[in-house]
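Asker: Here you go, one structure.
The values are calculated or read from the model by the stated rules, or taken from the named source; none is laboratory data. The model shown is predicted, which means the values in this text are computed figures rather than measured ones. All Cβ positions, glycine included, derive from the backbone under ideal geometry; neighbour counts span all protein chains shown.
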Number of protein chains: 2
Amino acid sequence: MFTGLSAFPLTPMNEQGVNEHEFIRLVECLAEAEVDSIGVLGSTGNYAYLSSEERARVAKLSVENAGNVPVVVGIGALRTRDVLANAENAQQAGAGGVLLAPVSYQKLTDDEVFSLYETVCRSLSVPLCVYDNPGTTHFHFSDELHGRIAQLPQVASIKIPPVQNDLAAAKARVAGLRALLPSDVTIGISGDPAAATGLLAGCDAWYSVIGGLYPEIALALTRAAQAGDTEQAIARSAALEPLWALYQEYGGSLRVAATIAELTGNVSQPCLPQPLRTLQGEARKRVEAVIDMLSLS
Amino acid sequence: MFTGLSAFPLTPMNEQGVNEHEFIRLVECLAEAEVDSIGVLGSTGNYAYLSSEERARVAKLSVENAGNVPVVVGIGALRTRDVLANAENAQQAGAGGVLLAPVSYQKLTDDEVFSLYETVCRSLSVPLCVYDNPGTTHFHFSDELHGRIAQLPQVASIKIPPVQNDLAAAKARVAGLRALLPSDVTIGISGDPAAATGLLAGCDAWYSVIGGLYPEIALALTRAAQAGDTEQAIARSAALEPLWALYQEYGGSLRVAATIAELTGNVSQPCLPQPLRTLQGEARKRVEAVIDMLSLS
């Protein structure tokens, strides 16, 4: 489950609630494309902005509509108490695995983060992916801490932040981390622009934002890298450069992906929880141009 | 209400809930000491870790036990929807004012933060204090944005991060910000070690963590600064240097204040929500030594 392409759909929502119809359609598309797993309620799925009840409902809808594709559910929250409740709800919904980031308000210590994972793992009967995303959690994992946490028997994968664009440097990074992990714990790359390099450098999975909207595009890149076709994987990523430039310019992937989904009619506008907003004005026109250029729909 | 000493109590809690009895006792002590205002559910009060219902209850208990001292209630949350609910609950409880930080998971833009304050202010009938705390929110206000937000009629104060220890530099900082604000908007200093300098540099208020546990100590410093007694204010802050050193060493004021409260028996142990923990081992012994040295109880 924690190998190959893990596609992360948006959770379309407005101030009244989640648009369940649109969410189900996004999940169905991923199931039809036969991605390797579906990662709901990740950062792209705005897990942090939903109530426990809304998250339980989204988890349930995901599993019901994912066909045979395993669903990984994000369970992160500021409080261990709430993480445990989310974990229980995800398991009840039939999640194949869970994804946990050490979300913080007060900066966390290494010991606090270890104890969070230890406590949550004790309550789990499904495998867990450690979600290392310093851009949103503001927690910086040391490799030593990753190694300690990965010893917990429920830990099955680590979702790492983007690697350097240089393949040799990326290989060294992945090998260095892998040396500290049990052999059955996979490493997955996140940050779409780093996906090709990450996979070619030895990552086992791509935790993908664009895969949540365009699974075929992300699958083609993933399969090329898995087959060792370096040239094709790099070329497929290079073809998406205009998209990566938008991520770079507009503060990451979420607002860009959400704006694309609105512009292509895959979700209603607005689809993000206030105070977050999709791109407007000149930025939105640039996204529109990239949609045309790449023939996205 | 947004001048003088605003004392921020802890919200003692464990995994089962808030210890209401202990919380009430903390609020009563502040009311008896006649602080200028009580700031509940600030960062020190762990607002971000409580449910909306728990926060409504804490707001109610505060007002009921604060006597004639006005209560300011923290209403921050990741979602505008939840901030609006917290604002309504705080007003229903009888809060004299509210405190709002732009809490983030996804990094916020200036326009998103402005629209958050604009939307919330439209729903308010009590004044609002803008809570600028980049250490926890990871949002950095420009002075220009502070100026824009302060034009909203409900905005009555800005709680700023620590100023430099140098008095001339601090005066320039406070004057520079004040020049951009309507004349009735006050500026309050936070970060206890910077309080004396901040007040002497022209801040109207001290949003104080230590004032939540030892209001007399904080009041003496505040009154000295308000009377223009530079020497006394600086001396009173210098006397607390061992405490400021603990803040510096242990990642801020929260864990230190919570550890002091546990060690002095003002709250039960544990008093912080998991995964947060009070200081243990060697660090706890150092806190104990400072309690003895400063004759805290």
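Asker: Let me confirm something: among A:A90, A:A85, A:A59, A:A95, which residue is without any contact (Cβ under 8 Å) to a residue 40 or more places away in the chain, farther than 17 Å from A:M1 by Cα and hydrophobic (A, V, I, L, M, F, W, C)?
Answerer: Just a single option satisfies the conditions, and that option is A:A85.
Asker: Please enumerate the residues belonging to the range B:255-265 that are more than 14 Å from chain A (Cβ to nearest Cβ) and either farther than 23 Å from A:Y105 by Cβ or touching a Cys at 6+ places or on another chain (Cβ under 7 Å) (or both).
Answerer: Let us first name the residues in the range B:255-265 that are more than 14 Å from chain A (Cβ to nearest Cβ), namely B:260-265.
Once the filter is applied, which keeps residues that are more than 14 Å from chain A (Cβ to nearest Cβ) and either farther than 23 Å from A:Y105 by Cβ or touching a Cys at 6+ places or on another chain (Cβ under 7 Å) (or both), the range B:255-265 yields B:A261, B:E262, B:L263, B:T264, B:G265.
Asker: Going through the range B:266-293 one residue at a time, which ones are more than 14 Å from A:L108 (Cβ to Cβ), basic (K, R) and in contact with a Ser or Thr (Cβ under 8 Å, 6 or more places away or on another chain)?
Answerer: Scanning the range B:266-293 gives a single hit, B:R284.
Asker: So, one more: For the range B:89-118, which residues satisfy the criterion of being more than 14 Å from every other protein chain (Cβ to nearest Cβ) and among the small types (G, A, S)?
Answerer: The answer is B:A90, B:A93, B:G94, B:A95, B:G96, B:G97.
Asker: In addition: Any residue in the range A:162-176 that is within 14 Å of chain B (Cβ to nearest Cβ), under 30 Å from B:F139 (Cα atoms) and in contact with a helix residue (DSSP H, G or I) (Cβ under 8 Å, 6 or more places away or on another chain)?
Answerer: no
Asker: Please state which one of A:G252, A:G188, A:G198 is in contact with a helix residue (DSSP H, G or I) (Cβ under 9 Å, 6 or more places away or on another chain), small (G, A, S) and within 14 Å of chain B (Cβ to nearest Cβ).
Answerer: Exactly one of A:G252, A:G188, A:G198 is in contact with a helix residue (DSSP H, G or I) (Cβ under 9 Å, 6 or more places away or on another chain), small (G, A, S) and within 14 Å of chain B (Cβ to nearest Cβ), namely A:G252.
Asker: On to the next question. Go through the range A:188-204 and give me each residue that's within 13 Å of the chain's Cα centre (by Cα) and buried (at least 24 other Cβ atoms within 10 Å of the Cβ).
Answerer: Within the range A:188-204, A:G188, A:I189, A:S190, A:D192, A:A195 meet the criteria.
Asker: Name, by its number, the condition in (1) more than 11 Å from chain B (Cβ to nearest Cβ); (2) over 15 Å from the mean Cα position of the chain (by Cα); (3) farther than 20 Å from B:S51 by Cα that does not hold for A:N86.
Answerer: (3)
Asker: Quick one: how many residues across the range A:217-273 are more than 16 Å from A:A195 (Cβ to Cβ) and either out of contact with any Pro (no Cβ under 8 Å at 6 or more places or on another chain) or part of a loop (DSSP other than H, G, I, E, B) (or both)?
Answerer: So the count comes out to 19.
Asker: Within the range B:274-292, which residues are part of a loop (DSSP other than H, G, I, E, B) and of a type in the set (K, R)? So that I can check it myself, show each step before the final result.
Answerer: Of the residues in the range B:274-292, the ones part of a loop (DSSP other than H, G, I, E, B) are B:274-280.
Result: B:R277, single match.
Asker: Scan the range B:1-22 and report the pairs whose first residue is farther than 28 Å from B:G188 by Cα and whose second residue is at pLDDT below 95 and hydrophobic (A, V, I, L, M, F, W, C), with Cβ atoms within less than 6 Å and a gap of 6+ or a chain change.
Answerer: Nothing qualifies.
Asker: Follow-up. Name the single residue, out of those in the range A:1-16 being more than 13 Å from the chain's Cα centre (by Cα) and closer than 19 Å to B:Q106 by Cα, that is nearest to the other protein chains (Cβ to nearest Cβ).
Answerer: Checked the range A:1-16; the qualifying residue nearest to the other protein chains (Cβ to nearest Cβ) is A:E15.
Asker: Those residues that are of a type in the set (D, E, K, R), assigned to a loop (DSSP other than H, G, I, E, B) and touching a residue at least 40 places away in the same chain (Cβ under 8 Å), I need them from the range A:181-204; list them, please. Give the derivation first.
Answerer: So in the range A:181-204, the residues of a type in the set (D, E, K, R) come out as A:184, A:192, A:204.
Retained after the next criterion (residues that are assigned to a loop (DSSP other than H, G, I, E, B)): A:184, A:204.
Residue satisfying the conditions is A:D204 alone.
Asker: Can B:V72 be described as more than 17 Å from A:P273 (Cβ to Cβ) and touching a Gly at 6+ places or on another chain (Cβ under 6 Å)?
Answerer: yes
Yes/no per residue for (1) of a type in the set (A, V, I, L, M, F, W, C); (2) surrounded by fewer than 23 Cβ atoms within 10 Å (Cβ to Cβ); (3) in contact with a helix residue (DSSP H, G or I) (Cβ under 7 Å, 6 or more places away or on another chain):
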{"position": "B:R57", "(1), (2), (3)": "no, yes, no"}
{"position": "B:G67", "(1), (2), (3)": "no, yes, yes"}
{"position": "B:G76", "(1), (2), (3)": "no, no, yes"}
{"position": "B:D82", "(1), (2), (3)": "no, yes, yes"}
{"position": "B:A90", "(1), (2), (3)": "yes, no, yes"}
{"position": "B:V98", "(1), (2), (3)": "yes, no, yes"}
{"position": "B:S104", "(1), (2), (3)": "no, yes, yes"}
{"position": "B:Q151", "(1), (2), (3)": "no, yes, no"}
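Asker: Within the group A:G281, A:G265, A:G252, which residue is over 14 Å from A:T11 (Cα atoms) and touching a residue at least 60 places away in the same chain (Cβ under 8 Å)?
Answerer: Just one listed residue meets the conditions, A:G252.
Asker: Also: Yes or no: B:Y207 away from chain A (no Cβ under 14 Å), within 23 Å of A:S104 (Cβ to Cβ) and either under 15 Å from the mean Cα position of the chain (by Cα) or part of a helix (DSSP H, G or I) (or both)?
Answerer: When the stated conditions are applied, B:Y207 passes them.
Asker: Out of the residues in the range B:268-297 that are in contact with a helix residue (DSSP H, G or I) (Cβ under 9 Å, 6 or more places away or on another chain) and modelled with pLDDT under 95, which is farthest from the other protein chains (Cβ to nearest Cβ)?
Answerer: Residue satisfying both the conditions and the ranking: B:S297.
Asker: Pull out all pairs, ordered by first then second residue, where Cβ-Cβ is under 7 Å, the residues are six or more apart or on different chains, the first lies in the range B:119-138 and is within 28 Å of B:G252 (Cβ to Cβ) and within 11 Å of chain A (Cβ to nearest Cβ), and the second is outside any strand (DSSP E or B) and hydroxyl-bearing (S, T, Y).
Answerer: B:N133/B:S43; B:T136/A:Y105; B:T136/B:S43; B:T137/B:S104; B:H138/B:S104
Asker: Return yes or no: is A:A66 modelled with pLDDT of 95 or more and more than 12 Å from B:Y105 (Cβ to Cβ)?
Answerer: Criteria met by A:A66.
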